[in-house]
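To keep things clear, I will list the structure first and then write my remarks on it.
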Amino acid sequence: MTRLSRAVLPTLRGVRIPAYDPAGITVGIVHLGVGAFHRAHQAVYTDAVLAADPTWGISGYTQRSAAVRDRLAPQDGLYTVLERGAGAGPPHVVGALREIRGPEEDGGPAARIADPRVRLVTLTVTEKGYRPDAPTVGRLVAGLDARRRADAGPVSVLSCDNLPANGATLRGLVADRCAALPDGERLLDWITTSVAFPSCVVDRIVPATTPADLAAAASALGVADEGAVVAEPFTQWVIEDAFAAGRPDWAATFTADVAPYEAAKLRLLNATHSLLAYTGALAGHDTIAAAMTDPALAETAYRFMTEDAVPTLTLPPGFDLGGYQDTILRRFADPALGHRTAQVAADGSLKLPIRLLGTARDRLAAGATPQWTALAVAAWMVYVATRQPLDDPIAGTLAAATAGYSTPASLVDPLLELLPPVPYPAWRDMLLAHTARLLHDR
């Protein structure tokens, strides 16, 4: 079957195609981590501005393998976003990815970051990409050093991952890496004056693409698309407006302080997602939507948000809290996406400290009893012990910690040692009680 490419764009009917000639777009953004989320979120926002400003095309670098490059390169970087669920729009062919390269191809992204036409570096490398042993920060620092040596001017670096204060976090990791370099002090001085690290909050549910999704894309287009991605209609992007070299005119919310939006998203949406992933999987549900059909789990999700998470939040002025919570639950309950519990449950050792443990500490410090938060963490513990092999960067450590457990304490205590502390005796007591019940119910 003919593949999607620039040559076939004029023949496509019934789908949205770029409102510009992709061949006329120049690169202004280098992106690290060209996974499905980037292609369904930031690249879509960028695609919408290129007709008015063709200087913001994206040069994308995969991070762990060249598989995405191999799917998209024969298609001139084009791919389709298929929306699923209430309010879904027609298939949308995106042309913002003007280059797609493997992680080490042509020496990696350093030379591209050094190009003075590039004014922005963005990242979607998941929580794993910010670990000390991950290569992402090293590649970024190499690029910034090449840019300094080339005297290519200021640049902004925008993390688009689910981390608290992701811009400041990335800035700190860059500074640490610079400190370990022979000429690192000079590089860090240049970064301090020439590089901005704005924070942002991203939101869109993007399930893993299936063979059925690729077949649906081919049916809609009349040509094969090996890079198609699936997403819900809902999308949100809140960005700290602190750039060093200009920015695209994205249809995002620009603000001086993203922290209130970030806390609401991490502690309401992401935390509830994890809660449903672990409790849903243990109850035998393959998807988040299926878990939401279970009245007990849907009630748990609602009570977690209202009783545990909401009291810890300081919300932005005018924030519609009730509407936000209702929207989250409706999105999770939409069966059209087929978002699998196993996909959301992956990398729990990295996600739980960010999504759940802050809520636990804050509620315990206030004298409250965060039972629903404890349930989510206990469900992760039982999931870890019973769903081997795990998709987690410390899967081997988790397997060793839970091997041969025979009591709730012999499961809970080794895993608590691997998580950041929640220094309240009641926390362990709650985990033991929930773990005992979950193990009994299996």
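If I filter the range 283-308 down to residues being assigned to a loop (DSSP other than H, G, I, E, B) and of a type in the set (Asp, Glu), which single residue comes out as surrounded by the most Cβ atoms within 10 Å (Cβ to Cβ)?
The residue in question is Asp294.
Criterion first (among the hydrophobic types (A, V, I, L, M, F, W, C), in contact with a strand residue (DSSP E or B) (Cβ under 9 Å, 6 or more places away or on another chain) and not in a helix (DSSP H, G or I)) does Val118 satisfy it?
Against the criterion (among the hydrophobic types (A, V, I, L, M, F, W, C), in contact with a strand residue (DSSP E or B) (Cβ under 9 Å, 6 or more places away or on another chain) and not in a helix (DSSP H, G or I)), Val118 qualifies.
Going through Ala51, Ala67 one at a time, which residue ends up being free of Cβ contacts under 8 Å to residues at least 40 places away in the same chain, under 22 Å from Glu226 (Cβ atoms) and of a type in the set (Gly, Ala, Ser)?
Ala67
Inspect all residues belonging to the range 45-56 and state whether any of them is at pLDDT 95 or above and within 16 Å of Glu232 (Cα to Cα).
yes
If you go through the range 36-67 one residue at a time, how many are assigned to a loop (DSSP other than H, G, I, E, B) and buried (at least 20 other Cβ atoms within 10 Å of the Cβ)?
The qualifying residues number 5.
Find the helices (runs of 4 or more DSSP H) located wholly in the range 335-442 whose residues include 1 or more that are in the same structural domain as Ala281 (by TED's automatic domain parsing), closer than 30 Å to Ala86 by Cα and at pLDDT 95 or above, and list them.
341-345, 348-352, 371-386
Restricted to the range 336-367, and to residues that are over 21 Å from Gly129 (Cα atoms) and free of Cβ contacts under 8 Å to residues at least 60 places away in the same chain, which residue is surrounded by the most Cβ atoms within 10 Å (Cβ to Cβ)?
Checking each candidate, the answer is Arg363.
Yes or no, residue by residue, for (1) in contact with a helix residue (DSSP H, G or I) (Cβ under 6 Å, 6 or more places away or on another chain); (2) of a type in the set (Ser, Thr, Tyr); (3) not assigned by TED's automatic domain parsing to the domain that holds Leu97:
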| position | (1), (2), (3) |
| --- | --- |
| Ile25 | no, no, no |
| Ala40 | no, no, no |
| Thr46 | no, yes, no |
| Thr62 | yes, yes, no |
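The values are calculated or read from the model by the stated rules, or taken from the named source; none is laboratory data. Remember, it's a predicted structure, so these values are computed and weren't measured experimentally. A quick note on method: Cβ atoms are made from the backbone with ideal geometry, for glycine too, and the neighbour counts reach across all protein chains shown.
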